[in-house]
1. Counting Lys +1, Arg +1, Asp -1, Glu -1, what net charge surrounds LEU266 among other residues with beta carbon under 15 Å of its beta carbon?
2. Just grab the label-to-label distance for ALA583 and PHE105, each label 7 Å out from Cα along the Cβ direction, in nm (one decimal).
3. So if I take the centroid of the Cα atoms in the range 190-209 and the same for the range 584-600, what is the distance between those two points in Å?
4. Let me have the relative contact order for the range 101-160, percent, based on Cα pairs under 8 Å that are six or more residues apart.
5. If you count only protein heavy atoms with a 1.4 Å probe, what accessible area per residue comes out for the range 408-454, rounded to a whole Å²?
6. Once the Cβ-Cβ distance between PHE396 and THR153 is put in as r, and R0 is 35 Å, what FRET efficiency do you end up with, to the nearest 0.05?
7. Calculate one ³J(HN,Hα) per residue across the range 394-408 by plugging θ = phi - 60° into the Karplus curve 6.51 cos²θ - 1.76 cosθ + 1.60, and present them in order as whole Hz with x for glycine and proline.
8. Once you place label points 7 Å from the Cα toward the Cβ at LEU621 and VAL460, how far apart are they in nm?
Amino acid sequence: MSNQKKQSFLGGAAILAAAVVVVKFIGFFYKVPLNNILGGPGKTYFDTAYKIYNFLLTFSTAGLPLAISKLTSQAHAQGRENEKRKIFRTAIVLFFVLGTVGALFMFFQAEGLAGFLENSLAAQPIRALAPAVFCVCLLACMRGYTQGQGNMTPTAVSQVLEALLKLAIGLPLAWYVLRIGMSLEMGAAAAILGVTAGTAVSMLFLVGYLTKHRNRTQSLDVPSGSSHLIRQILAIGIPITLSNSAMSILNIIDTKIVMGQLQNALLLSEESAAALNGQYSMAMDMPNMVASFVYPVTMSLIPFAAAALARQDHAGADRIISSAFRIIAILALPAGIGLSVLSTPIMVLVLPAQREDALAAGPHLQVLGIALIFICLMILTNAILQTYGKEKLPIFTVIVGGIVKIIMNYFLVGNPDINIHGAPISTLCCYLVIVVLNLFFVWKYSPQKPRYLEVFAKPVAASLLMGGAAWAVYGLASRVLDGAFLALAQQMFADPDKIQLWSVYLANAACVLLGILAGVFFLKRGYSLKRTYPQTKLDGFLFPAIQVIVFILLVAAPAFIFFTEAGGGPGAKHAPILISLAAGLIVGALAQRTRLCMVGGIRDVVLFREPKLIMGFGAILISALVCNLILNGVTDAAFFHLGFADQPVAH
């Protein structure tokens, strides 16, 4: 392979990896507010339909489009333009038929599918998802075709566009439907419509792209027959699709078992069962979001291992695979243990509008945090086995793990003393079984046997220490610090409400100061973040885009964001939004130009004895004090009170 081709491949992998990161980042801002809007029961109705969509998404990004990509790539490399066009025409007809049949089946059999999953109220969300089946099938074909020509950009753009539309349409629509008094299942259906709209717009984007960039070059090659091409697509795509779709299928069956046992064995109503299952699903969102970042790692590293094996460089392949294991260990172990030891605080943080559900989901996340470690290892070891040419082994191990999960859920969820808490336990055991089998097969088929103890020993020890430290620091901060600052506030104020309020403010201020001083401590001992690197335009626009989304939410004031009513506390006072926005933009521009930074000012004073930056904040405080005293003197209103008492928080 030439250097140019190798760079092109790595560039394509980087584009897809960046798209995954952006899509998952957008997905976080979609799922967290949606969970606050829908609550436990609504989350179950949404997930029932979304599990079907996940299966379709796996279908659209795995086997069949990979087959189209492979055949197109071969024809493209050979300069056979007619063959390439015939592949696309044949594939688009095949996917059009599959998409139409699937969409009609889902729309007219929504009640049957919901009943099969023991969740009859999910019929409307499933029906709202039906058009996405058609769009996803055509997306699969077009993405495979463009990828086969070595162009990953259209796929990446369409994925980001799909995620943005899901956020921009699904979230406000779900909020509005519930605000006007419609049912939770209709709210879930409204959220699903955002998914459908996203796939439709993404499909139209690719149609426009392919139309605009259509290759009209004349070619003399004679293309293969349609039936021959269909057989080739199916022969390549079906085994890979089965491997990647096995867990999605098992998850659908698993949902049926859980909902069925909650209703049949424990005699709960469908609404009560949906509420319990929704709490488990909310907890499962966190590991799923973290695990999605493993795919770019495998996408970037495994091709190098395959190339090394092709050159018979077994030592090189062993080094690459060991590096992949270490990277996943560094990512998965701290993340999993961190989620586990801080499970309930994390759920309370991301579900402020559904506190009861958050407290119930905390114990689920405690188990699922450990399961995250094995989910990440499963993704990596599946990719390694496919690199070794053992594509069928991941199918076998996933099926074995899925059977373990289904059996355990049947008995554990049906036990009144365990009920829904059996679901995360069975999930943990499922992925544990898969990883144990995968690690055995990786060891068996590796030319140089991997040294698992050497790879995992240090990350496991470090992660356990980190988990213990996180648990201890959280316990200290929640008990000792709150109590200490509460006592200090009691000495400063007589009003009980102000005592509680200022104890929190003082604790926050102390934590910020300690964080700055800790940073200075490490800087003085030589710690460095190294030199800066130029970023892409996408990186530059990402944070402003998030701020625009937050501003839109402020103006729209949806129900899942809580605003203090006038007179409801000192934080209820604020300037008009447009004045605040103008002042923020002006002050922000000035601060950027002058490098005004409180953290940097404290750092410079402590580290370099340089007061320049901190003097800027001193000037602001003095100016504000003088202006407020003048306003107090020339008006009857008391704009400002010296001291801590009777101060507006947002002045």
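The values are calculated or read from the model by the stated rules, or taken from the named source; none is laboratory data. None of these values were measured; they are calculated from a predicted model. Here the Cβ is made from the backbone with ideal geometry for all residues, glycine too, and neighbour counts use every protein chain on show. Please note that ligands, DNA and RNA were not included when accessible areas were found on the heavy atoms of the full protein model with its side chains. Shrake-Rupley method; radii C 1.70, N 1.55, O 1.52, S 1.80 Å.
1. Net of charged neighbours comes to -4.
2. 6.0 nm
3. 40 Å
4. After rounding, I find 29 percent.
5. About 50 Å² of surface per residue is accessible.
6. 0.45
7. Karplus values, whole Hz, x for Gly and Pro: x, 4, 4, 5, 5, 5, 4, x, x, 5, 4, 5, 5, 5, 5.
8. Placing both labels 7 Å along Cα→Cβ, they lie 5.1 nm apart.
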